[in-house]
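Here's the structure, in C-alpha cells; my notes come after.
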Amino acid sequence: MTFKLPDLPYAADALLPYMSEQTLNIHHGKHHKGYVDKLNAAVKGTDYEGLDLLDVVRGAHEKGDTDVFNNAAQAWNHGFFWLCMSPDRLDAPGGKLASRIEETFGSLPHLRTKFISEGMARFGSGWVWLVEESDGTLDVVSTANGGLPQAAGQKPLLTCDLWEHAYYLDYQNARQKYLEAFFDHLADWTFAAGCFEKQGDPDILAA
C-alpha cells in the first residue's frame, strides 16, 4: 500500500483571513506532501510496507526507527490538523465534550488560556493538543517535532501545528496571535466532539 496525500477538506482560501491560501498551499502541497513522499520511500521493501499509517507510527516508535517515525507521525499529524479546522465551525463545543471541558478546566475560556500557554511554552517546533487520557479526563499537552499523543497512550481531540511553516507567512514570529486565531476562529469543535465520543483513534484520510 502506498500512502497518499489526503485532499484538504475545504478550499485553500476557505480559512481566510485567519490562514491564507498561500500558507495552506505551501503547508499542504509541499510540507505535508514531502512527509508522505519520504515515508513511502522509507517503508518500501520493509516490514512496515502494507501497514496502516498509525501502525507504522507505533511500530517505528517501539523500534526506535527515527526516520520512519518522524515522517509517518508528521503525515498523520498533518492529516489530523486539517480536520481540526473548519470555515463553518461552531464557536463552542456541545454535548459530552462541553461537559467534560467544564469538569476539567472550569470553562472554555480556561481551556483557551491553557491551550495557548502550552503552545507558547513549547520551545522550537512541535504541536499543542487537547487530549483525552486513558481514564477519560482531558488535558492539554504539547509534543516536540513530530511527536503525537498516541505514543503516550492519549487520544487526540484537537491540535494546532507549532512549526513555523504553519504560521510564519501570516503571523511572522507572533505565535501567540496565531494560536489565538486558531482557537477563536478555526478550531472545529464538532470534529473534536466526534473524536471524544468515538472509541479508539480518530479517523483521518492519510492512508
Has the range 125-135 got at least one residue that is among the acidic types (Asp, Glu), touching a residue at least 60 places away in the same chain (Cβ under 8 Å) and surrounded by 14 or more Cβ atoms within 10 Å (Cβ to Cβ)? yes
Need pairs with beta-carbon distance below 7 Å; first residue within 22 Å of Ala11 (Cα to Cα) and of a type in the set (S, T, N, Q) and within the range 162-186, second buried (at least 17 other Cβ atoms within 10 Å of the Cβ) and at pLDDT 95 or above; sequence gap 6+ or separate chains. none
For the range 84-185, which fully contained strands (runs of 3 or more DSSP E) count at least 1 residues that are closer than 21 Å to Lys30 by Cβ? 126-132, 155-161
Please go through the range 52-78 and pick out each residue that is in contact (Cβ under 8 Å) with a residue 40 or more places away in the chain and either more than 20 Å from Gly126 (Cβ to Cβ) or not hydrophobic (A, V, I, L, M, F, W, C) (or both). Asp52, Arg58, His61, Asn70, Asn71, Gln74, Asn77, His78
If Leu54 passes every condition in (1) surrounded by 18 or more Cβ atoms within 10 Å (Cβ to Cβ); (2) farther than 30 Å from Ala11 by Cα; (3) at pLDDT below 95; (4) not charged (D, E, K, R) but one, which one does it miss? (2)
Which listed residue is surrounded by fewer than 23 Cβ atoms within 10 Å (Cβ to Cβ), at pLDDT 95 or above and over 19 Å from Gly146 (Cβ atoms), from Ala12, Ala92: Ala12
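So that you can scan it fast, the table gives a plain yes or no per residue for (1) touching a residue at least 60 places away in the same chain (Cβ under 8 Å); (2) in contact with a His (Cβ under 8 Å, 6 or more places away or on another chain); (3) surrounded by fewer than 18 Cβ atoms within 10 Å (Cβ to Cβ); (4) closer than 17 Å to Gln150 by Cα:
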residue	(1), (2), (3), (4)
Glu21	no, no, yes, no
Leu24	no, no, no, no
His28	no, yes, no, no
Val36	yes, no, no, no
Cys84	yes, no, no, yes
Test Thr104 against the stated conditions and say whether it is touching a residue at least 12 places away in the same chain (Cβ under 8 Å) and surrounded by 14 or more Cβ atoms within 10 Å (Cβ to Cβ). yes
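The values are calculated or read from the model by the stated rules, or taken from the named source; none is laboratory data. All of these numbers come straight from a predicted model, not from anything done at the bench. For neighbour counting, all protein chains shown are included, and Cβ atoms are generated from backbone atoms with ideal geometry for every residue, glycine included.
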